[in-house]
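The values are calculated or read from the model by the stated rules, or taken from the named source; none is laboratory data. Remember, predicted model here, so these are calculated numbers, not experimental data. We place every Cβ from the backbone using ideal geometry, glycine too, and count neighbours over all the protein chains shown. When the accessible area is computed, the model is the full protein with side chains, heavy atoms only, and any ligands, DNA or RNA have been set aside. Shrake-Rupley method; radii C 1.70, N 1.55, O 1.52, S 1.80 Å.
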Amino acid sequence: MTELLDRDKKVSSSPNVTAPLLPGATLGIVGGGQLGRMMALEARRMGYRVAVLDPDPAGPAAQVADMAIGARFDDADAARQLARHCQVVTLDLEHVPAAVVREVERICPVRPSASVMATVQDRLVQRQFLARYGLPQVRFAPVGAPSDLPNAARTVGFPCVLKTRTQGYDGKGQARATVPGELEEAFAAIGARPAVMEEFVDFEREISVLVARATTGEIAFYPIPENLHRRHILFLSRVPAALPDSTVREAHEIGAAIAEHLGHVGMLAVELFLTKDGRLLVNEIAPRTHNSGHYTFGASATSQFEQHVRAVCGLPLGDTRLLSPAAMLNLLGDLWASGEPDWSVVFRHPEARLHLYGKKRASPGRKMGHVLVLHTDVERAVELASEIATGNVGLLLDAWHLYTSGGSVDDLDRITAQDIITVHVNDAPRGVERDQLVDNVRGLPLETGVIDLPAFMRKLAALGYDGPVTPEPFSAPLNEIAAQDPLRAARLTSEALDRLWAASGLA
């Protein structure tokens, strides 16, 4: 793996070194979401001024900035206006057109650069970049029209995933096909747009390597988080991930190679699949601060947001040491379905820190905030984060009880009937009150996960429920899987619940 850094001798180890920008200078941020907000908070603390360009001039970052320009990300005139107020400009998202970034570069440095953006914001170009340097990734093939589908499928195999080449995030612009007859339907589902077909990976776990690269070429790594997703959106990150030293070294080599070959400056996240046979495969590159790095804002000596400011301003990188094991729980707009969530559930835990992003409108799947839980034991941090999730609207899966208890099937005895009903009902209809549980489960498909189905039915009957229950066919196999591999059962449960959610018509 070490040869990955030697394959392109054209890449300089000291990219565009300039004099450091010290406090008092103005940092421009294109993009005013939560990443820009947390970056602005750290920059202001350090003594920098902050200017933001975003379509919402009162958005999360603008609320804490010195000035804000309300304009679209493809508005080159507005971007040039921002640049004239700044000594350096950075981005909080990768969807800013590279052509606009080039216009800003005529006025002041932009980090990441237009060349970095042109590489990462098109999935096909990103895949070709990884292939050029021999970096490990999934099989892929370009798809421009329906006529390309058969050849692409022969290259990639089944099951496969079609992804739009641009503007995809959190599972948007993606569709899965398991047999040839589903290919055209999947292509239509993503809007019949130019796409990349990728092999579907039945991975063991998802991790991300968080890399910081300075203008001098200095590189630093943060401890690697393990990431769990729900409906393609990050649900929880746990740090440090339980990984062999060899896997950590390989992940670092991959991250360093990508940062070097891109000539990137700033924070960069590389999302990786860890396969069941121990291979690492690059899923996606994000040339910015990243959701899975939110744990650093409270659990690390230097947050990823301060680190990004340091890098783009030409300062030495900060200490990436982990001060405490942690779990980071995303708070999505679903939690606001019945009004403001009960934040006392968070505040009763002294180990928990609440971060809200100042967004005015909550909608399903929208990232509204996160909770960081610190503890000397990462398993306990995850367990506390899970308790917080359940205490609000029951986002916890029954399989999570296995995951957070260390994976012992015997721990199922700790789950009460009320726990089971609450978990399942609140994972189906939104906004269900606990005293309405019995009425609201009637006729809904219920996924029983690792709970024994006959025992589950008896518990329902004991609660007075005699309505129909539709057990899914994966339930029995999951019980067998859970006996040998509880973590895999938890992940399969999550995937199955995603399908049930969509089929219920309640999404």
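Could you give the radius of gyration (one decimal) and Dmax (whole number) of the Cα atoms in region 84-133, in Å?
11.9, 39
How many nm is it between the label spots at Met46 and Arg361, if each spot is 7 Å from the Cα in line with the beta carbon?
Reported label-point gap for Met46 and Arg361 is 3.3 nm.
Give me the percent of accessible area attributable to carbon and sulfur for region 81-162, probe 1.4 angstrom.
52
Using the 2.2 N^0.38 Å rule of thumb for compact globular proteins, work out how region 311-359 stacks up: its C-alpha Rg over that value, please.
1.66
Give the distance, in whole Å, between the Cα centre of region 264-339 and the Cα centre of region 34-102.
After rounding, the separation between the Cα centres reads 20 Å.
Give me Rg over Rh for region 239-389, both radii from the alpha carbons and Rh done the Kirkwood way, two decimal places.
Numbers: Rg = 17.0 Å, Rh = 17.1 Å.
That ratio equals 0.99.
If DNA, RNA and ligands are ignored and the probe is 1.4 Å, what is the ranking of Arg366, Arg205 by accessible area, most exposed first?
Arg366, Arg205
Would you pull out the residues with amide H under 5 Å of Val143's amide H, same chain only if 5 or more places away, H placed 1.01 Å from N?
Amide H neighbours of Val143: Ala195, Val196, Met197.
Apply the Karplus curve 6.51 cos²θ - 1.76 cosθ + 1.60, θ = phi - 60°, to the phi angles in region 83-91 and return the couplings in whole Hz, x for Gly and Pro.
Result, rounded to whole Hz: 4, 5, 9, 10, 9, 7, 10, 9, 10.
How much solvent-accessible surface does Ser344 expose, in Å² to the nearest 10, with a 1.4 Å probe and all protein chains in place?
The accessible area of Ser344 comes to roughly 50 Å².
May I ask for the equivalent-ellipsoid semi-axes of region 214-298, computed as the square root of five times each C-alpha gyration tensor eigenvalue and listed largest first in whole Å?
Working: eigenvalues 83, 52, 32 Å².
Gyration-tensor ellipsoid for region 214-298: 20, 16, 13 Å.
Return the subset of Lys163/Lys359; Lys163/Lys367; Lys163/Lys360 for which the Cα-Cα distance in this structure is over 25 Å, preserving the input order. Before the final figure, lay out the partial values.
On the way: Lys163/Lys359 28 Å; Lys163/Lys367 22 Å; Lys163/Lys360 30 Å.
From the list (Lys163/Lys359; Lys163/Lys367; Lys163/Lys360), the Cα-Cα distance tops 25 Å for Lys163/Lys359; Lys163/Lys360.
Net charge near Pro225, counting Lys/Arg +1 and Asp/Glu -1 over other residues with Cβ under 12 Å of its Cβ?
That sum, taken over residues with Cβ under 12 Å, equals -1.
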